[in-house]
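Data block below; observations after.
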Amino acid sequence: MVATRNDHKLAELGEILTGLELRPLPEDVTMPPEDAPTFAGNALTKARAAYEQTGAAVLADDSGIEAAALGGRPGVRSARYAGANATDAQNLELLLNELGEQADRSVAYACAIAFVAEDGATLVREGRCEGKLAERPRGDGGFGYDPAFLPDEVDDGRTMAELSPAEKHRISHRGRAARAIAEAIEAEVRA
């Protein structure tokens, strides 16, 4: 099970972790507030809460974008940057406005994925993707801040929203964290 009700995240994790049956969080599971100061802390809190209520093995992630010129904001508040019920477009618009004409447009996507096994054992792995924030959004793929995120590893100027899913998953923060947690789970199973 994946401790999310975000269809985009569930689909993206399913594309990255092929061969695993990923089920969404049941509607009756209550998730705690995401108020930890780190992505890893939020991911682990969500995974433990879902595990405690279901007894099932659970994956949970927390991810966001960090702008160097803003001291790492929005960070763990990325999904709620423009307010508790803000849309992806509103969050992106606020970040673009806050960066304005800043010379330093360095940003990084960060993701932590926590796993709680059926026996309660926990693992956490993280992934990052460095880049720059474009001045205007482009592309219709991905979600969140993808339309303005220019990954350093792509040298043709495309945003994350202009990459194919396979290209994005190869370099993305979530792709890196998901592959790392899958390797760690497999190593635990073999041990």
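The values are calculated or read from the model by the stated rules, or taken from the named source; none is laboratory data. Since we're looking at a predicted model, the values are computed, not measured. Every residue, glycine among them, receives a Cβ derived from its backbone with ideal geometry; neighbour counts consider all protein chains shown.
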Here the residues within segment 79-126 that are surrounded by 15 or more Cβ atoms within 10 Å (Cβ to Cβ), among the basic types (Lys, Arg) and within 21 Å of residue 43 (Cα to Cα) are 125
Could you list, in sequence order, all residues of segment 100-116 that are at pLDDT below 95 and of a type outside the set (D, E, K, R)?
100, 102, 103
I'd like to know if segment 13-20 contains one or more residues that are assigned to a loop (DSSP other than H, G, I, E, B), out of contact with any Ser or Thr (no Cβ under 9 Å at 6 or more places or on another chain) and closer than 12 Å to residue 113 by Cβ.
yes
Under 7 Å between Cβ atoms, at least 6 apart or on separate chains: pull out the pairs that start in segment 149-160 with a residue that is of a type in the set (A, V, I, L, M) and end on any residue that is part of a strand (DSSP E or B).
150/131; 150/132; 160/149; 160/151
Can you find a residue that is over 21 Å from residue 39 (Cβ atoms), out of contact with any helix residue (DSSP H, G or I) (no Cβ under 6 Å at 6 or more places or on another chain) and modelled with pLDDT under 95 anywhere in segment 77-86?
yes
Only one of (1) surrounded by 13 or more Cβ atoms within 10 Å (Cβ to Cβ); (2) modelled with pLDDT of 95 or more; (3) assigned to a helix (DSSP H, G or I) is not met by residue 60, so which one is it?
(3)
Which numbered condition residue 39 misses (of (1) surrounded by 17 or more Cβ atoms within 10 Å (Cβ to Cβ); (2) more than 21 Å from residue 117 (Cα to Cα))
(2)
Residues of segment 65-89 that turn out to be aliphatic (A, V, I, L, M) and in contact with a Gly (Cβ under 8 Å, 6 or more places away or on another chain), as a count
3
